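The values are calculated or read from the model by the stated rules, or taken from the named source; none is laboratory data. For clarity, every value in this text was computed on a predicted model and none was experimentally measured. Note that we place each Cβ from the backbone using ideal geometry, even for glycine, and neighbour counts take in every protein chain shown.
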Amino acid sequence: MTLVRRRLTITPTVTVYLALAALLVIGSILVGANGGVLLDQSGILNILTRSTLLGLVAIGQTMVIVTGSLDLSVAYLAGLCSLVTAETMAGRTSMMVPGVLLALAVAAVVGLINGLVITVLKANAFIATLGVALILRGYLEHNYTGPAGSVPRAFQHLGYDRIGPVPVSALLVLLIGTAVWWFSRRTRTGYHLYAVGGDTEVARLSGVRTSRTIVTAHVLCASMAGLAGVLLAARLGSGAPYAGTDAGYDLESIAAAVLGGAVLTGGRGGVVGTIGGVLILATLDTVFDDLAVDPFLKDVVRGVVLVAAVALYARHRLSRRSS
Amino acid sequence: MNWRPRLADGTAPVLIVLVVLLVTLAFVGPTFSEPAGYLALLKRAAPLVILAVGQYFVIVSGGFDLSVGSLVTAAVVIAARLSDGADANTGWVIALLLGFGLLVGLVNGLITTRLLVPSFIVTLGMLLVLDGAVFLWTDGAPRGALAPSFRVFGRGGFGQVPWSVLILLGVVVAAAWFMRSGTGRTLVALGDNENAVRLAGGAVHRLRVLAFVLSGLLAALAAILLAGFAGVSAQVGQGLEFRAITAVVLGGVVLGGGRGSVVAAAAGALSLEALFTLLNLIGVSGALESAVQGVILIAAVAAAAHGKQLRRTHEQEVVRPGRGGAARADGVHQ
C-alpha cells in the first residue's frame, strides 16, 4: 500500500498530469473571471490543435532522449517533409499516398544519417544533429523562399476534420503515441532504448547492440518529425519550409519531453509524461490567448515553468535517494 | 633549449586550418593583399570570438550555455533604448550592460548548481525568458538609437587598428592567462571529473557559477561590439549560441568538458568567420553558409573522435614501454 502510494506521488508522469489538472482549474477560473470559458468546444479544440504537431515531434524526441541522445534537426526536417509532401502531391489526389510515403522515407533517411553520424563517426549527438539541422537549413534557404507545392482538398481533411471537439489529427497522434508507448514499454527493442540510455557500457556488456538501438531511436524520431511535416502540409495546404522552426519544434519538443520527466542523460522519461508536457505547454498558450496576455509573456512563463519543473524533479530524485 | 610552442591538446589542427584559410584568402580576395583586409576580418570576427571564449569556459567545465544568443539580442535592445542617442549616457549604459550579462550568468550558474537543473535546460529556459522579456518590454520592435560614442567600440579604431580588435586581443590574452592559473586548470578538471575535483577540495559550485558568469559577461561585451558594428535589430543575436558552440567544437574542445584549450576555441571562431568570408568571395550563396557550417561541424567532431581513437591505440602500443623507460631513467637520475 505504502509502496503504491509513494510510486503514485513521486513519478514525474503523475506530477505532470497533476500540474496539468491544476493548470486547467486555475486557467478556467482566470478565464471565467474574465468573462470567457476555457474548456468549451473551441477551447478544447484549440488546446488539442496546438498539441498535435508538437506532440508528434515530442514523442519522437522522447525516444532519442531516453537513449541518452538528442535531435536538434526535427524542426527543419518537419519543414522539409511538408515541402516533399506538398510538391509530390502538387494538388493531385492520386499522388496522396506516394507523397506521404516519400516524405516519411526522406525523414527516415535523415534519421538514419543522424544515427550513423553519432554511432559510426562517434560525433556527439548535440553536434551531429545540429550539423544535420544546419545542412537542412542551408538546403531550404537555398531552394525556397516561401511556401511551395499544394495538397489536394481531400488531403486537407486530415488537417481540419474533427469529431466533436477532437481533431482527427489529434486522434491520429494519440494512436501513434499509444503505439510508441507499447513499443517502448513492452517490446525488447523498447527495453533496449532504456538500457542504452541508462548506461551504454553496461548495456553493451549485457549483449545489447547499442549502436543499432541508437540508430533505431533516431529513425523513429525523424519519422515522427516527418509525419509532423505531412500534417503541417495537410493543415496549411502547401509546404512551408520554416513552419517547423517558427514553432521552435527542436527546443520545444525537448522542453516538452523534459517537462514530462525525461532526463537528458538518458534512461528516464516516457511517452505518457511527454504528452502531458505538451498538453501543459498548449494549455498555457490557450489560457494566455484567452486572457489576451502579451504573446511574449508566454515565452517568459514557458522558460520559468520549464526550469521550475526540472528543479522539482531533481529535488524529488534527490530526496528519494537519501530516504 | 629545445623549446617547442606549448600547445594544448587539439590546438594544432585548428591552427593549421586557420592558416590555410588565411593564405587562401590572400589568393582569392584582392583586399587581403594588405593587412587592412585581415584587420577587417578580425573586426568582423571579434564578437563571435569573444562569445566563443565565453562559451569555452562553460563547455570545458562540462556545461552548455544556450542563452548567449538571446542575451546578445537583449543587451543590444536595452542599449538602444537606454542610450537613446545621447553620448552622455554611454558610460553608464555600458556598465549596466556588463552588469546585466554578469547577472544573467550568475542566475544561470546558481540555478544549475543550487537547484541541480542541467545547464542545457537552465539556459534554454533563460533563452525563452530573455527573448520574451525583451520583446515584452519593447512591444515587439526595438526602439531608441545608439549614441555615436557607444558605436565607436564596434566601428571606430585607434589609428588603423579597430577598437574591437584590441578588445579581442585583450580578452584572448586574459583568457589564456586565466586558463593557466590554478582556477583555470581546476575548471578543466571539473569537466573531466567533478567528483575528483570535489574530493580534492575544489569549490565545485563556485567554479561552475564562475564559468557561467564569465560567459554572460563576455556575451554582453560581444553585444556592445556587435551593436556598434551592425546596429540595432531584434535578430542580431539569433543563432549566435549555436554558432559559438560550433566555433568551440571546431577548436577541438570536447562537449561534456575536460578537454581543449581556450586559444583553440578562439581560433575555431576565427576560422569559421574566415571560412564564411572565403565562401562569400568565391560566390557561394549566403543561404548555403549554414549547410557548410553543418558539414564542417560534423567533419571536425568526427575527425577529433577518430584522432582520439588513433592516439589511444598508438599510446597503448608505443607509450606503455616508453613509460617503463622513463621510470628507469628516473631511477638512474636518483
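Tabulated results
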read-out: Residue in region B:256-266 that is among the aliphatic types (A, V, I, L, M), within 14 Å of chain A (Cβ to nearest Cβ) and surrounded by fewer than 23 Cβ atoms within 10 Å (Cβ to Cβ) present; value: no
read-out: Unmet requirement for B:Ser33, which otherwise passes all of (1) touching a residue at least 40 places away in the same chain (Cβ under 8 Å); (2) loosely packed, with under 14 Cβ neighbours inside 10 Å; (3) touching a helix residue (DSSP H, G or I) at 6+ places or on another chain (Cβ under 8 Å); value: (1)
read-out: Helices (runs of 4 or more DSSP H) lying entirely in region B:7-104 (those with 1 or more residues that are at pLDDT 90 or above); value: B:35-60, B:68-83
read-out: Flag if A:Val202 is farther than 15 Å from A:Gly269 by Cβ, hydrophobic (A, V, I, L, M, F, W, C) and surrounded by fewer than 22 Cβ atoms within 10 Å (Cβ to Cβ); value: yes
read-out: Among the candidates B:Gly191, B:Gly182, B:Gly170, B:Gly239, residue that is within 14 Å of chain A (Cβ to nearest Cβ), under 22 Å from the mean Cα position of the chain (by Cα) and exposed (fewer than 15 other Cβ atoms within 10 Å of the Cβ); value: B:Gly239
read-out: Options B:Arg185, B:Arg206: the member that is assigned to a helix (DSSP H, G or I), out of contact with any helix residue (DSSP H, G or I) (no Cβ under 6 Å at 6 or more places or on another chain), under 27 Å from B:Met126 (Cα atoms) and not acidic (Asp, Glu); value: B:Arg206
read-out: Selected residue [within 15 Å of B:Gly62 (Cα to Cα) and surrounded by fewer than 24 Cβ atoms within 10 Å (Cβ to Cβ)] from B:Leu116, B:Leu98; value: B:Leu116
read-out: Count of region A:32-41 residues which are surrounded by 14 or more Cβ atoms within 10 Å (Cβ to Cβ) and under 18 Å from A:Pro167 (Cβ atoms); value: 2
read-out: Residue within region A:241-249 that is more than 22 Å from A:Asp285 (Cα to Cα), within 14 Å of another protein chain (Cβ to nearest Cβ), of a type outside the set (A, V, I, L, M, F, W, C) and not in a helix (DSSP H, G or I) present; value: yes
read-out: Residue selected from region A:278-318 under the condition over 21 Å from the mean Cα position of the chain (by Cα) and of a type in the set (D, E, K, R), by the criterion nearest to the other protein chains (Cβ to nearest Cβ); value: A:Asp294
read-out: Flag for A:Val300 being free of Cβ contacts under 8 Å to residues at least 24 places away in the same chain and assigned to a loop (DSSP other than H, G, I, E, B); value: no
read-out: Single residue of A:Ala255, A:Ala292 found to be of a type outside the set (D, E, K, R) and either assigned to a helix (DSSP H, G or I) or in contact with a Lys or Arg (Cβ under 7 Å, 6 or more places away or on another chain) (or both); value: A:Ala255
